[in-house]
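A short write-up of the structure that comes next.
The values are calculated or read from the model by the stated rules, or taken from the named source; none is laboratory data. Everything numeric in this text was worked out from a predicted model, so none of it was measured. Cβ sites come from the backbone with ideal geometry, for glycine too, and all protein chains shown count toward neighbours.
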Amino acid sequence: MDLDSIECVSSSDGIDEDEIHLHHHQSEFSSTKPRNGGTNHNNSTVPSAIAPATSVHELLECPVCTNSMYPPIHQCHNGHTLCSTCKTRVHNRCPTCRQELGDIRCLALEKVAESLELPCKFYSLGCPEIFPYYSKLKHETLCDFRPYTCPYAGSECSVVGDIPFLVAHLRDDHKVDMHTGCTFNHRYVKSNPREVENATWMLTVFHCFGQYFCLHFEAFQIGTAPVYMGFLRFMGDENEARNYSYSLEVGGNGRKLIWEGMPRSVRDSHRKVRDSHDGLIIQRSMALFFSGGDRKELKLRITGRIWKEQQNPDARVSIPNMCS
């Protein structure tokens, strides 16, 4: 959303899914907490690679995409193999000898694959797990060490990495505002509030409780009704996001709207969160009423705070932990 003016004050109080080609994006990752030592080219500590028997694993490496091959594994008349995905990419021509591939399956190599155990493809990001050849695919779709997608919306950003890397990426590449503290006070001004088509997200990153949170604000339409929406996302997994809560408040002319909920993990796309309406939604008529004046200009002030829920072991109840 191309807002004309933004003012921010922060106070300090899946199996069938395509594989992520880790070797193609290695330079985009900074490592998670190290487990077994070792160093990558980003000068970040990563676990040493788990080294399987190279001869067999080299046989299972597709010469085109260099990923491990899964059935159906194809071969040409000369015995050169490649994965089924790349078979269509090379227009049915062997990438090694250029002979026509045909429809020959390499059943022997498929049988060999069934007997192997392999490390998770995210081992360089910290995952220590080893799985039977076919089981690791299911694990990798849910692996806690799998990289996150850039949470910046309104663009087709395909950058992936761990949280520290993405925070730096948001700051340096997307020029996102960074704030320290668990309270916020945003003022949104837009001269033509009727423009909601092709709106992009406004994003601010907050750092508190040793974690990072993304505050989003967007204009879109529910049916034919234009609305504004604000919500918070947690830069981490869903199970960690449940440890936090937040509130948003907007008002004017003696009225106000208040939203309170839990932040959604950035594992959920911004569109998924938006379409679930899980946040503070302001109808345009109400937003203009809050703005005052002649109702031709949007002037919204949204305040909010983030807190951590702490368990009281004696009372067995949740006690909000406010940052100062």
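Quick notes on this structure:
- Cβ pairs under 9 Å, 6+ apart, first in segment 283-308 and modelled with pLDDT of 85 or more, second in a loop (DSSP other than H, G, I, E, B) and crowded, with 18+ Cβ neighbours inside 10 Å: A287/P193; R305/C182; I306/C182; I306/P263; W307/C182; K308/C182; K308/N243
- Residue check, L142 closer than 14 Å to H207 by Cβ and modelled with pLDDT of 85 or more: no
- Residue within segment 88-95 that is in contact with a strand residue (DSSP E or B) (Cβ under 7 Å, 6 or more places away or on another chain), of a type in the set (D, E, K, R) and over 24 Å from G210 (Cβ atoms) present: yes
- Given (1) out of contact with any helix residue (DSSP H, G or I) (no Cβ under 9 Å at 6 or more places or on another chain); (2) in a loop (DSSP other than H, G, I, E, B); (3) at pLDDT 50 or above, index of the condition S55 fails: (2)
- Residues in segment 230-267 that are in a loop (DSSP other than H, G, I, E, B) and either modelled with pLDDT of 90 or more or under 14 Å from F217 (Cα atoms) (or both): 9 in all.
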